[in-house]
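Asker: A single structure is presented below for examination.
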2 protein chains.
Amino acid sequence: MGLQCVALSIWSENMRNIKLILEYDGARYFGFQRQPRQVTIQEVLEKALSRLLNRVTKIQSASGRTDTGVHALCQVVNFKTAHAMDLKKMQRGLNGLLPRDVAVRQIEEVPREFHSRYSARSKVYEYRIWNDPVRSPLKGKQSWHVPYALNLRRIRQGMRTLSGKHDFRSFCAAHSAVKDTVRTIRFFSLERMGSLLVFHIEADGFLYHMVRNLVGTLVDLGRDRWTLEGLKQALRACDRKLTGPTAPAEGLTLIRVTY
Amino acid sequence: MGLQCVALSIWSENMRNIKLILEYDGARYFGFQRQPRQVTIQEVLEKALSRLLNRVTKIQSASGRTDTGVHALCQVVNFKTAHAMDLKKMQRGLNGLLPRDVAVRQIEEVPREFHSRYSARSKVYEYRIWNDPVRSPLKGKQSWHVPYALNLRRIRQGMRTLSGKHDFRSFCAAHSAVKDTVRTIRFFSLERMGSLLVFHIEADGFLYHMVRNLVGTLVDLGRDRWTLEGLKQALRACDRKLTGPTAPAEGLTLIRVTY
């Protein structure tokens, strides 16, 4: 026991904790987290890391597990290694080994206790809607095509109702096992740029499918399929069956994680 | 003979000339023009048209033939049909039949003599460069990744040298059979938005690979691999061998055609 502890402590002394900021187009991937028989971001990243460092290297965690088809402008991951490789060289090496739709945008060495998931204080997601009768193969990339007219004033009213601290069970995927479903939405904005609608939402944490369920419900509100009173009731009821549809993954991008 | 002419004239009376504005992501296509054993924009469009109108329908022309991998925000094509289908219905029908990376953005009926290629007075292309040491899977879409620092002041000097009426033979693909290689660049601009560099170039016409050869040469100028004097000499020499490399297709988008 004693010897093992000493060995572990020497081993830990040499270990570096390395934080990566990843950008990826999620279209081709079965989400972030490793899955049997599916291509995931974690898999291509760990393959590249292991090859570059010439030893099996696993990441410790990611700030959050993006779903199938979801993008990231700055997904944060960290891993431990005893390898002495220079950081610039490591970044260049990884970018040379990763597929074109994944890139290491930044790299830095962080204190041993840094954990990309547990240390995260909040995350910001962007959701894009191409709101035009005709789809746009170029300008509507990474967005959900909604061909109907939307009442943005009502959507913004709905966003105010949802902002702040609430039990978001009604907006959590029905099969999620999470117990504590209280989260705080700190910031929720909607901008229109021509036919493009862009939501930004910051919270201390997100439940499974939460952003997509919020956006799907807000779009229904904007199409007058819902009333504001109905939204308030659904939020209070804590029942997923009472809220709107799940917006598609392709419009969603993780854009910031704060520590 | 006489009868045939009468028949032809009656036939023409009923023919409508229809102009489409197409948007497409060229990544998956072997250019605009039909090619044996390759998927092209023209092929998917004519297939959709023929299926919708229930008779073989060919387009008369496109404003220009974009190359393999080149995008369009507004490619103009026209076709003749005797079909009486309402235009809105035709647009919706085509968008339902076309692949997701091609869309009919606008549709209108035009005078019989309108020809999307011969009637065009000028075209505007956009060329995007992601100028950053690290590639960007999301923000660097539809752009050429140039990881080196570029001297934009020198590039702009080069653009002024190239603007106006010149014999652009030095910037025309060597195997092109075109005789008259004199063209007028009416407008040539460069904007930087963070790491993104965006060129806009308008001319009365473009030679084969002309925009990509101009951009490839300007990037070499910006990397100090060329002098401004060298560029002037190369332009005067009318010899493709004296100019810089061809920039990749993925950064190029046809953005406007004026009639």
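Asker: Scan (1) out of contact with any Phe, Trp or Tyr (no Cβ under 8 Å at 6 or more places or on another chain); (2) of a type in the set (Phe, Trp, Tyr); (3) within 11 Å of another protein chain (Cβ to nearest Cβ) for the single condition A:Trp130 breaks and write down its number.
Answerer: Condition (1) is where A:Trp130 drops out.
Asker: For the stretch B:227-259, enumerate the residues that are open to solvent by 40 Å² or more (accessible area, probe 1.4 Å) and hydrophobic (A, V, I, L, M, F, W, C).
Answerer: Of everything in the stretch B:227-259, those that are open to solvent by 40 Å² or more (accessible area, probe 1.4 Å) and hydrophobic (A, V, I, L, M, F, W, C) turn out to be B:Leu228, B:Ala237, B:Cys238, B:Leu242.
Asker: Please find, among B:Ser143, B:Ser163, the residue that is touching a strand residue (DSSP E or B) at 6+ places or on another chain (Cβ under 8 Å), within 13 Å of chain A (Cβ to nearest Cβ) and among the small types (Gly, Ala, Ser). I'd like the intermediate steps shown before the answer.
Answerer: Details: B:Ser163 fails: within 13 Å of chain A (Cβ to nearest Cβ).
Among B:Ser143, B:Ser163, only B:Ser143 is touching a strand residue (DSSP E or B) at 6+ places or on another chain (Cβ under 8 Å), within 13 Å of chain A (Cβ to nearest Cβ) and among the small types (Gly, Ala, Ser).
Asker: Within the stretch B:1-26, take every residue that is open to solvent by less than 90 Å² (accessible area, probe 1.4 Å) and modelled with pLDDT under 95 and give me the one that is nearest to B:Arg105 (Cα to Cα).
Answerer: From the stretch B:1-26, those open to solvent by less than 90 Å² (accessible area, probe 1.4 Å) are B:2, B:5-7, B:9, B:12, B:15-26; that's our starting set.
Those still in the list that are modelled with pLDDT under 95 too: B:2, B:5-7, B:9, B:12, B:15.
Numbers: B:Gly2: 42, B:Cys5: 36, B:Val6: 37, B:Ala7: 35, B:Ser9: 32, B:Ser12: 27, B:Met15: 23 Å.
It comes out as B:Met15.
Asker: Next question, about the same structure. Check B:Leu228, B:Leu252 and return the single one that is away from chain A (no Cβ under 14 Å) and within 17 Å of B:Met159 (Cβ to Cβ).
Answerer: Details: B:Leu252 fails: away from chain A (no Cβ under 14 Å).
So the residue among B:Leu228, B:Leu252 that is away from chain A (no Cβ under 14 Å) and within 17 Å of B:Met159 (Cβ to Cβ) is B:Leu228.
Asker: Among A:Ser189, A:Ser176, which is the only one that is assigned by TED's automatic domain parsing to the domain that holds A:Asn131, within 20 Å of the chain's Cα centre (by Cα) and at pLDDT 95 or above? Lay out the reasoning, then the answer.
Answerer: On the way: A:Ser176 fails: at pLDDT 95 or above.
Selected residue: A:Ser189, the only one of A:Ser189, A:Ser176 that is assigned by TED's automatic domain parsing to the domain that holds A:Asn131, within 20 Å of the chain's Cα centre (by Cα) and at pLDDT 95 or above.
Residue-wise test of (1) open to solvent by less than 10 Å² (accessible area, probe 1.4 Å); (2) in a loop (DSSP other than H, G, I, E, B); (3) not acidic (Asp, Glu).
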site: B:Pro36; (1), (2), (3): no, yes, yes
site: B:Val39; (1), (2), (3): no, yes, yes
site: B:Gln91; (1), (2), (3): no, no, yes
site: B:Val104; (1), (2), (3): yes, no, yes
site: B:His115; (1), (2), (3): no, yes, yes
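Asker: So, one more: How about the stretch B:207-229: which of its residues are in contact with a helix residue (DSSP H, G or I) (Cβ under 8 Å, 6 or more places away or on another chain) and closer than 18 Å to B:His166 by Cα?
Answerer: B:Leu207, B:His209, B:Met210, B:Arg212, B:Asn213, B:Leu214, B:Val215, B:Thr217, B:Leu218, B:Leu228, listed by residue number.
Asker: Another question about this same structure. Taking the stretch A:232-259, which residues are over 29 Å from A:Ala27 (Cα atoms) and assigned to a loop (DSSP other than H, G, I, E, B)?
Answerer: A:Cys238, A:Asp239
Asker: Which one of the conditions (1) part of a loop (DSSP other than H, G, I, E, B); (2) within 17 Å of B:Gly244 (Cα to Cα); (3) of a type outside the set (D, E, K, R) does B:Thr161 fail to meet, given that it meets all the rest?
Answerer: Result: B:Thr161 passes all but (1).
Asker: Given (1) in contact (Cβ under 8 Å) with a residue 24 or more places away in the chain; (2) open to solvent by less than 10 Å² (accessible area, probe 1.4 Å), identify the lone condition not met by A:Thr161.
Answerer: Only one criterion is unmet by A:Thr161, namely (2).
Asker: Looking at the stretch A:117-142 only, could you name the residues that are in a strand (DSSP E or B) and basic (Lys, Arg)? First the steps, then the outcome.
Answerer: Taking the stretch A:117-142 and keeping what is in a strand (DSSP E or B), we get A:122-130.
Once the filter is applied, which keeps residues that are in a strand (DSSP E or B) and basic (Lys, Arg), the stretch A:117-142 yields A:Lys123, A:Arg128.
Asker: Can you pull out every residue in the stretch A:77-89 that is within 20 Å of A:Leu252 (Cβ to Cβ) and open to solvent by 40 Å² or more (accessible area, probe 1.4 Å)? Write out each step before concluding.
Answerer: Taking the stretch A:77-89 as the starting set, the residues that turn out to be within 20 Å of A:Leu252 (Cβ to Cβ) are A:77.
Matches in the stretch A:77-89: none.
Asker: Among the residues in the stretch B:57-67, are any farther than 22 Å from B:His200 by Cβ and assigned to a loop (DSSP other than H, G, I, E, B)? Spell out how you get there, then give the answer.
Answerer: First, the residues of the stretch B:57-67 that are farther than 22 Å from B:His200 by Cβ: B:57-61.
Remaining after also requiring assigned to a loop (DSSP other than H, G, I, E, B): B:57-58.
Yes, the stretch B:57-67 contains a residue that is farther than 22 Å from B:His200 by Cβ and assigned to a loop (DSSP other than H, G, I, E, B).
The values are calculated or read from the model by the stated rules, or taken from the named source; none is laboratory data. Predicted, not measured: the structure shown is a model, and the values here were computed from it. Quick reminder, even Gly has a Cβ in these numbers, built from the backbone with ideal geometry, and neighbours come from all protein chains shown. Accessible surface areas use protein heavy atoms only, side chains included; no ligands, DNA or RNA. Shrake-Rupley method; radii C 1.70, N 1.55, O 1.52, S 1.80 Å.
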